[in-house]
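Visitor: Okay, here's the structure, questions in a sec.
Since every read-out is calculated from the coordinates, none of them should be taken as a lab result. Quick caveat: nothing in here was measured; it's all calculated off a predicted structure. Cβ atoms come from the backbone with ideal geometry, glycine included; neighbour counts cover every protein chain shown.
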There are 2 protein chains.
Amino acid sequence: MELLEICRQAKEVKQRIAALSTGQKNDALLAVADKLIKRRDRLTEANALDMENGRKNRMPEGLLDRLLLTDHRIEQMAEGLRQVVGLEDPVGEVLSMKKRPNGLMIGQKRVPLGVIGIIYESRPNVTADAFGLCFKTGNVVVLRGGKDAIHSNGAIVACIQEALEERGIPKEAICLITDTSRETARELMHMNGYVDVLIPRGGAGLIRTVVEHATIPVIETGTGNCHIYVDESADPDMALAIVCNAKTQRIGVCNACESLLVHEKIAAGFLPALERKLAEKQVEIRADEAARAVLGDASNVVPAEEADWGKEYLDYKISVKTVGSVEEAIAHINRYNTGHSEAIVTNDYARAQKFLDEVDAAAVYVNASTRFTDGFEFGFGAEIGISTQKLHARGPMGLLALTSTKYVIYGNGQVRE
Amino acid sequence: MELLEICRQAKEVKQRIAALSTGQKNDALLAVADKLIKRRDRLTEANALDMENGRKNRMPEGLLDRLLLTDHRIEQMAEGLRQVVGLEDPVGEVLSMKKRPNGLMIGQKRVPLGVIGIIYESRPNVTADAFGLCFKTGNVVVLRGGKDAIHSNGAIVACIQEALEERGIPKEAICLITDTSRETARELMHMNGYVDVLIPRGGAGLIRTVVEHATIPVIETGTGNCHIYVDESADPDMALAIVCNAKTQRIGVCNACESLLVHEKIAAGFLPALERKLAEKQVEIRADEAARAVLGDASNVVPAEEADWGKEYLDYKISVKTVGSVEEAIAHINRYNTGHSEAIVTNDYARAQKFLDEVDAAAVYVNASTRFTDGFEFGFGAEIGISTQKLHARGPMGLLALTSTKYVIYGNGQVRE
């Protein structure tokens, strides 16, 4: 089907999806979860085609693994949908209804965004996850997944649509764009009037392309050049634990630490201890001159270049810079960060507050690992992505980020004078 | 100065502006107000140059009037700034701080957006207004006004900067782009990393250009193809008063009524009475066949064409369509509206609720004029524009729309397992 026709159908049904009650949405989500389990053979068969193509195209092992659908992963997808059933439905709540002097009652009602476009890469589980969150908030979702997962995504969407239709809900609540050409992706980015918002989920390249080309409003997610500043007053053991956790607990995620700033007064004591702990995990340290002077000729230490300060390695690498003050640390962070997550380890009250106040990022921590920036860790029970922009939503996005508001006004004949 | 250099300076000072206390900001706003009065001769002199150029270029009288700065208008600008002083400063409030099971305290702090770009047309008073609202919320503003008002805008900005510097506040809190070429405007739309958000203020053409070209997040404001649906159960006098008010109280504003839908059962009684009232104001009625059958050969009635349903006339014209039900009215509105303001006049409870629920717009009214969609009428005490998009802000935007949030997290050594 042509893209315009898909988007037209999505727009056509959005009012019906928005009007579903929480009960209807929850029943449908449970039915979809059951259907995924029931049709698991179809899903694994379709996935086998994608895996075969992936191997033919010499896809790296890591990506092949992300592409693979096992029975266990299908159960996880179903379980994810069941969890969404348990979350509170934000749609329909009326916020702050107030009476104006002329008698007008003006309130703000929470409503779905409408049609949400999601452009994503490899992992087929995003298909079910994104549907679950968008549907729970009364939105229609138009998905444009990667070519590599086209059979898997098609089978998952077919399952979901089958379950929806059995409950009398328009199957166009989820639309899959099967033409995975770049041209069609570009077209999708210009579907103003049909698609209300676009959320790219994937690597920095995908996100940049969407931000640069979309004329539809975009929620930018993702890249994280996250820093930890270890202040002179920090508890060294706490600082070691936090830096090692933020760097190595999971590599390749956007809330991992990519750069360490350390106060010069404690560098001589702290850095060698850190180097030993990071060496256990084969982490390469890209250090400035002062840090190298302290670390000597450890084999995993190499000189940092200017380009290192702006890098999101997503790898067993960390850049290290010594600074003379919290002010210098903040200035460095505000220059090089991507607005994701930043932490200070300190026992100094004023510097902790200063860091919280002045660092410009979605999440700013005192004495904790940056790895907590996550919808589940923040208690939202779900996550559609982590926004690094300042409009609409900033930081981990749960169900609320998939809603808008409208003013509802009750009058009794008021006219303007 | 080059655009990039202007944006760099804006970014450079944004942290200092964000850190100003409410008291410092209010003092500065009062000082700016005084300075505008004190320098009124300079302002009127600069404005005289713009007016002279305008006359040379045969600018229409209406635009010349919008461009004109009189002593009274300068006093109004100053008064506008003083009113902003009285508004609550939303910056710094921490919303919903909660303790997670692992002991992390996670709260959401209201912060400035950072650097706000505003692209606007003719009226020089926007320069002071936009500064006042952006500054009160701790933002830096980069202004790109129209060529026609370049001298007036320059003089106003010079006044503001003089007052800021006298109080030790960086004058780059307000930056004016003096190169009014189209190329520079386009460049501004691509200043990602420097400008956090772009707000176009002006006609439909300007807004469309910004939405189509900007890679920075945009808040779309403005165009309003607003409808009023008069239900069969409506009080006819109330309906007459509301439609006449919404159409004729002020022409050329985005919350004026452009299209009337009337239930076929009351068309024969209601439309002739309406026609008489609208004829007093020389309003042309572009009516569908059923409405024309009722209105006969009144001289101000002409046949509506398909294109009329989507038109924002901003003029003494209204399109009129008869419908058979509230459902038909809602479907028509959701097809042709611009997401601005829509009203139903009815005495039927279920239809009122249905209309509020199902019409997709920033503001939906029962029994009131659409003309109330306005930051002042809504009680915000200010307005930077009316958002017709669903992200970030929808409807009239006050100070809150010029802020974002960041998560602040207090830990005591938490790491992720």
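Visitor: Skipping prolines and chain starts, which residues have an amide H placed within reach, meaning under 5 Å, of the one on A:GLN414, given they are 5 or more residues away or on another chain?
Guide: B:SER369
Visitor: For a test of the definition: using alpha carbon positions, the gyration tensor, and the 1.5 limit on a/c, classify the stretch A:226-372 as rounded, prolate or oblate. Display every interim value, and only then the final one.
Guide: Values: a/c = 1.41, a/b = 1.22, b/c = 1.16.
Here the stretch A:226-372 falls in the rounded category.
Visitor: Could you check the simple spin-label distance between B:ALA204 and B:TYR316, using points 7 Å along Cα→Cβ, in nm with one decimal?
Guide: 2.1
Visitor: Given a Förster distance of 22 angstrom, what is the FRET efficiency for A:GLU93 paired with A:GLN24, based on the Cβ-Cβ distance and rounded to 0.05? Spell out each step's value before the answer.
Guide: Working: r = 17 Å, r/R0 = 0.79.
Given R0 = 22 Å and the Cβ-Cβ separation, E is 0.80.
Visitor: Run down the aspartates and glutamates and flag those whose C-alpha is under 14 Å from the C-alpha of A:LYS35, throwing out any fewer than 8 positions away in its chain.
Guide: A:ASP27, A:ASP71, A:GLU75, A:GLU79, A:GLU162, A:GLU165, A:GLU166
Visitor: What nm value, rounded to one decimal, do you get for the distance between A:SER325 and A:TYR349 when each label is placed 7 Å out toward the C-beta?
Guide: Placing both labels 7 Å beyond Cα along the Cβ direction yields 2.1 nm.
Visitor: Shortest first and in nm to one decimal, what separations exist between B:ARG335 and its copies in the other chains, measuring from label points 7 Å along the Cα-to-beta-carbon line?
Guide: Reported distances to equivalent positions: 5.9 nm.
Visitor: Another question, if that's okay. Compute the long axis of helix A:22-38 from its Cα atoms, compare it with the longest principal axis of the Cα atoms of chain A, and write down the angle in degrees, 0 to 90, nearest 10.
Guide: 80
Visitor: A further question follows. A:ALA287's amide H: which non-local residues (gap 5+, or another chain) put their own amide H closer than 5 Å, with H modeled 1.01 Å from N in plane and none for Pro or chain starts?
Guide: A:VAL302, A:ALA304, A:VAL320
Visitor: Would you list which lysines come within 26 Å of A:LYS56, measuring only between C-alpha atoms, while excluding same-chain residues fewer than 8 positions from it?
Guide: Of all the lysines, those that pass the test against A:LYS56 - Cα under 26 Å, at least 8 places apart if same chain - are A:LYS147.
Visitor: Restricting to Cα atoms and excluding each atom paired with itself, what does the Kirkwood estimate give for chain B in Å? Let's see the in-between values first.
Guide: Values: mean 1/r = 0.0427 Å⁻¹.
By the Kirkwood definition, the hydrodynamic radius is 23.4 Å.
Visitor: Same structure again: Work out from phi, with θ = phi - 60° and the Karplus expression 6.51 cos²θ - 1.76 cosθ + 1.60, the ³J(HN,Hα) of each residue of the stretch B:89-105, listed in order in whole Hz, and give x for Gly and Pro.
Guide: Per residue, the Karplus-derived 3J(HN,Hα) values read 7, x, 6, x, 4, 9, 9, 6, 6, 10, 9, 8, x, 7, x, 5, 9 Hz.
Visitor: With chain A rotated onto chain B, spot the residue of A whose Cβ lies nearest the axis and note the distance in whole Å.
Guide: A:HIS392, 2
Visitor: Would you compute, from DSSP H runs of 4+ residues alone, the mean residue ellipticity of chain A at 222 nm, taking -39500 (n - 2.57) per run and dividing by the full residue count, rounded to the nearest 500? Don't skip to the end; give the middle numbers.
Guide: Details: 14 runs with 177 residues, N = 417.
Only helices count here, giving -13500 deg cm²/dmol.
Visitor: Among rounded, prolate and oblate, which fits the stretch B:53-140 when a ≥ b ≥ c are the square roots of the eigenvalues of its C-alpha gyration tensor, a/c under 1.5 means rounded, and a/b larger than b/c means prolate? Present the calculation step by step, with values, prior to reporting the outcome.
Guide: On the way: a/c = 5.71, a/b = 2.85, b/c = 2.00.
Prolate, because a/c is 1.5 or more and a/b exceeds b/c.
Visitor: Same structure, new question: Between beta-carbons, use under 12 Å as the cut-off and find the net charge around A:GLU264, counting Lys and Arg +1, Asp and Glu -1. Write down the numbers at each step before the final one.
Guide: Working: positive: A:LYS265, A:LYS321; negative: A:ASP231, A:GLU232, A:ASP288, A:GLU289, A:GLU328.
Counting the neighbours of A:GLU264, the net charge comes to -3.
Visitor: State, to one decimal in nm and shortest first, how far the label point of B:GLU2 sits from each corresponding label point in the other identical copies (label point: 7 angstrom along Cα-to-Cβ).
Guide: Nearest to farthest, the other copies are at 4.5 nm.
Visitor: At q = 0.06, 0.07, 0.09 Å⁻¹, what log₁₀ I(q)/I(0) does a Debye calculation on the Cα points of the protein assembly as shown give, no solvent, two decimals?
Guide: Taken in order of the listed q values, log10 I(q)/I(0) reads -0.43, -0.59, -0.96.
Visitor: Calculated FRET efficiency, A:LEU400 and B:GLU75, Cβ-Cβ r, R0 56 Å, to nearest 0.05? Please list the in-between numbers first.
Guide: On the way: r = 43 Å, r/R0 = 0.77.
For A:LEU400 and B:GLU75, the calculated efficiency is 0.80.
Visitor: Order these by the 10 Å Cβ neighbour count, fewest first: A:THR373, A:THR70, A:THR338, A:THR209.
Guide: Working: A:THR373 28, A:THR70 12, A:THR338 20, A:THR209 17.
By the 10 Å Cβ count, ascending: A:THR70, A:THR209, A:THR338, A:THR373.
Visitor: Okay, moving on. Kindly write out, for the stretch A:343-359 in residue order, the coupling ³J(HN,Hα) from the Karplus curve 6.51 cos²θ - 1.76 cosθ + 1.60 (θ = phi - 60°), rounded to whole Hz, with x marking Gly and Pro.
Guide: The phi angles translate into 9, 10, 10, 7, 10, 9, 4, 5, 5, 4, 5, 4, 4, 4, 6, 9, 6 Hz.
Visitor: Below 8 Å, C-alpha to C-alpha, sequence gap of six or more: please give me the relative contact order for chain B in percent.
Guide: Reported relative contact order: 17 percent.
Visitor: Let me ask something else about it. Could you list which residues have their amide H under 5 Å from that of B:LEU176, counting only those 5 or more apart in sequence or on another chain, with H placed in the peptide plane?
Guide: HN-HN under 5 Å from B:LEU176: B:LEU143.
Visitor: Lys/Arg Cβ at +1, Asp/Glu Cβ at -1, dipole of the stretch B:226-372 taken about the Cα centre: which of B:ALA343, B:PRO236, B:LEU278 is farthest positive-ward?
Guide: Value: B:LEU278.
Visitor: While we're here: Between copies, how far does the label point of A:GLU52 sit from its twins, in nm, shortest first, when each point is 7 Å from Cα along Cα→Cβ?
Guide: With the label placed 7 Å along Cα→Cβ, A:GLU52 yields 8.2 nm.
Visitor: In degrees from 0 to 90, rounded to the nearest 10, what is the angle of the helix B:150-166 Cα long axis to the longest principal axis of chain B?
Guide: The angle comes out at about 40 degrees.
Visitor: Relative to the longest principal axis of the C-alpha atoms of chain A, give the angle of the C-alpha long axis of helix A:236-248, reported between 0 and 90° and rounded to the nearest 10°.
Guide: Helix A:236-248 and the main axis of chain A meet at about 50 degrees.
Visitor: Measure out, as a whole number of angstrom, how far apart the alpha-carbon centroids of the stretch A:74-105 and the stretch A:267-299 sit.
Guide: 49
Visitor: If R0 is 35 Å, what FRET efficiency do you get for B:GLU305 and A:HIS190 from their C-beta distance, rounded to 0.05? Kindly include the intermediate steps, with their values, before the conclusion.
Guide: Numbers: r = 27 Å, r/R0 = 0.78.
Working from the Cβ atoms, E equals 0.80.
Visitor: What's the longest uninterrupted piece of chain B once you rule out the trypsin sites (Lys or Arg not before Pro) that are loop residues per DSSP with at most 13 other Cβ within 10 Å? Display every interim value, and only then the final one.
Guide: Working: sites that count: B:ARG58, B:ARG167, B:ARG250, B:LYS281.
Between the exposed loop sites, the longest stretch runs B:282-417.
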